[in-house]
Amino acid sequence: MTVRALDHVNIVTADLAASTAFYREVLGLAEGPRPAFPFPGAWLYCGERPVVHLMVRGSASGGGDTGAIDHVAFEAEDFDGFRQRLEARGIAHETRIVPGGAMRQIFLFDPDGVRIELNFRR
């Protein structure tokens, strides 16, 4: 018995429309089908997989805060294209090269302050 893969991340948002637009327009995920849960939210897909689930803060019964996660990382392509997209939208970001040079990264924040890491393998 073992875990096979990370299935999705659920992000609690104060502004569903702004967060949905960010993940769609900035990261290029596609909004797609979501079960008829009794609270507002959105599912964003990478290909056929709903990898980002958004949920409006305070809208679902849960246990409150669940802990601290420093960032959410995505594998991406076209480092220069992403940088240009972020700069054109005025989105602050930081670029890094992983020691050894096998990967470049871009760090930015979503509308709710969640740190996003984009990894570009060489």
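Under unit Cβ charges (Lys, Arg +1; Asp, Glu -1), what dipole magnitude, rounded to 20 debye, does the chain have relative to its Cα centre? All intermediate terms of the calculation are to be shown ahead of the outcome.
Values: 13 positive and 16 negative charges, 37 e Å.
For the chain, the charge dipole is close to 180 debye.
For the chain, what is the mean residue ellipticity at 222 nm derived from helices alone (per DSSP H run of n ≥ 4: -39500 (n - 2.57); sum divided by total residues; nearest 500 deg cm²/dmol)? Walk me through the numbers before you get to the answer.
Numbers: 2 runs with 16 residues, N = 122.
It lands at -3500 deg cm²/dmol.
Any idea what angle helix 79-88 forms with the longest principal axis of the chain, computed on alpha-carbon atoms, 0 to 90 degrees, nearest 10?
So the helix axis and the longest Cα principal axis differ by about 70 degrees.
Would you mind classifying segment 1-61 by shape? Square roots of the alpha carbon gyration tensor eigenvalues, ordered a ≥ b ≥ c; an a/c under 1.5 is rounded, otherwise it is prolate if a/b is larger than b/c and oblate if not. Kindly include the intermediate steps, with their values, before the conclusion.
On the way: a/c = 1.87, a/b = 1.20, b/c = 1.56.
Taking the square roots of the gyration eigenvalues as a ≥ b ≥ c, segment 1-61 is oblate.
Give me 55, 103 ranked fewest to most by other Cβ atoms within 10 Å of their Cβ, as a rough exposure proxy.
103, 55
Just want the answer: with Cβ charges of +1 for Lys and Arg and -1 for Asp and Glu, which residue in 68, 82, 56 is farthest toward the dipole's positive end in the chain?
Sorting the options by dipole projection puts first 82.
Which whole-number percent is the relative contact order of segment 1-115 (Cα, under 8 Å, 6+ apart)? Each step should come with its number before you reach the end.
On the way: 137 pairs, mean separation 27.8, N = 115.
Reported as a whole number, the value is 24 percent.
Read-outs throughout are calculated quantities, based only on the coordinates presented, and are distinct from any laboratory measurement. As the structure is a prediction and not an experimental result, all values here were calculated from the model. Neighbour counts are summed over all protein chains in view; Cβ atoms, including those assigned to glycine, are modelled from backbone coordinates with ideal geometry.
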